Ligand SMILES: [Fe+2]
């Protein structure tokens, strides 16, 4: 064998060793997620099984993840940001941390009110913010039918709410600012504070437990928590949830306030195609079914026949048609209003 031929063989060997097939085995997508559910793991595992793309997940609070993406800048390993509220995704968009994904197939799978108008983020599940009350604690008092009712004096000393630091209540107040105007929304928040049975504390599940233990009679919680508690292995949780009635607020006018869990692709993502594939998978029939069945959230797909445990009881539920991204634009105003009226 002459030297030239040997050189050629070595060259071919290296070309094969470095071929794209080798690279494909190493495909990854790095996810920064505020979600902490078993359902997500099932979805990521199935995504890897179908595509061969490995999903690396970093879990932390949304604010922390956003800070991290910001400080990591172009070096950030993050491809995808997942949060449990449109407000945080909207903030990430405003701060220039996301990039638009113009993919008609993905867009078509999501109700337009659950995704960003400019395609910087997409809802993957929806959740309704309900009113819960104990008929026993309310006695003769007429139950609330709207969020506005909660500020009525008939509920003096009866209300329980979680802290205004929580994004769920910030987005609810943002929706009231958009629907009623700033003055009315402020009056509402003030009215709620003056009706409180105890200072704001605890999570959504805790509000239901506090009602069951008689601290208050009425509160505001996301629908999936009620379903999770009703199906819990824990007797106390099941017992507490069975004591409250649900109200889907504002059915006679604009509809119930709904928010999303959602996803966006990070601006400096090094695995943009993989990130896009993951988003497409998150809104696929498979993932939507898992989110509904395992987590009791609702599908963002207007065609989906799978209904969450709670929503299936209200097939004609009327939903507030504001785009969930608009809550982010009013987030600062909502936080300032809470501060002003002393909603801790
Ligand atoms: Fe939650």
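No value in this document is a laboratory result; all are computed from the given coordinates. Computed from a predicted structure; not experimentally measured. Reconstructed Cβ throughout: ideal geometry from the backbone, glycine too, with neighbour counts over all protein chains shown.
Compared with the direct C-alpha span, the chain from residue 340 to residue 231 gains 35.4 nm at full extension, assuming 0.36 nm per residue. In plain terms, the C-alpha convex hull of segment 182-261 casts an average shadow of 6.6 nm² when viewed from every direction. Of the two radii for segment 60-178, the radius of gyration is 1.09 times the Kirkwood radius, both from the alpha carbons; that is the Rg over Rh value.
Counting every other Cβ atom within 10 Å of each residue's Cβ, 320, 204 order from fewest to most as 320, 204. Per-residue packing, averaged as other Cβ atoms within 10 Å, sorts the ranges 150-156, 112-118 into the order 112-118, 150-156, beginning with the highest. Across segment 182-257, the mean sequence separation of Cα contacts (distance under 8 Å, 6 or more residues apart), normalised by length, yields a relative contact order of 22 percent. Normalising by residue count, the chain has a Cα convex hull of 145 Å³ per residue. If you run the Gaussian network model on the chain, springs between alpha carbon atoms under 10 Å, then out of 231, 295, 169 the most flexible one is 231.
Computed from the C-beta positions of residue 314 and residue 59 and an R0 of 35 Å, the FRET efficiency is 0.65 to the nearest 0.05. If one puts a single equal scatterer on every Cα of segment 177-315 and applies the Debye formula without solvent, what log₁₀ I(q)/I(0) results at q = 0.11, 0.20 Å⁻¹? For the requested q values the scattering log ratios are -0.58, -1.24.
Per-residue ellipticity at 222 nm, computed for the chain from helices alone with -39500 (n - 2.57) per DSSP H run of at least four residues, works out to -13000 deg cm²/dmol.
Dividing the convex hull volume of the alpha carbon atoms of segment 227-276 by its residue count gives 155 Å³ per residue. By the compact-protein rule of thumb, 2.2 N^0.38 Å, the alpha-carbon radius of gyration of segment 243-310 corresponds to a ratio of 1.44. With N counted as the residues of segment 31-98, its alpha-carbon radius of gyration over 2.2 N^0.38 Å works out to 1.15. Working value for segment 84-148: equivalent-ellipsoid semi-axes of 37, 14, 8 Å, each the square root of 5 times a Cα gyration tensor eigenvalue, largest first.
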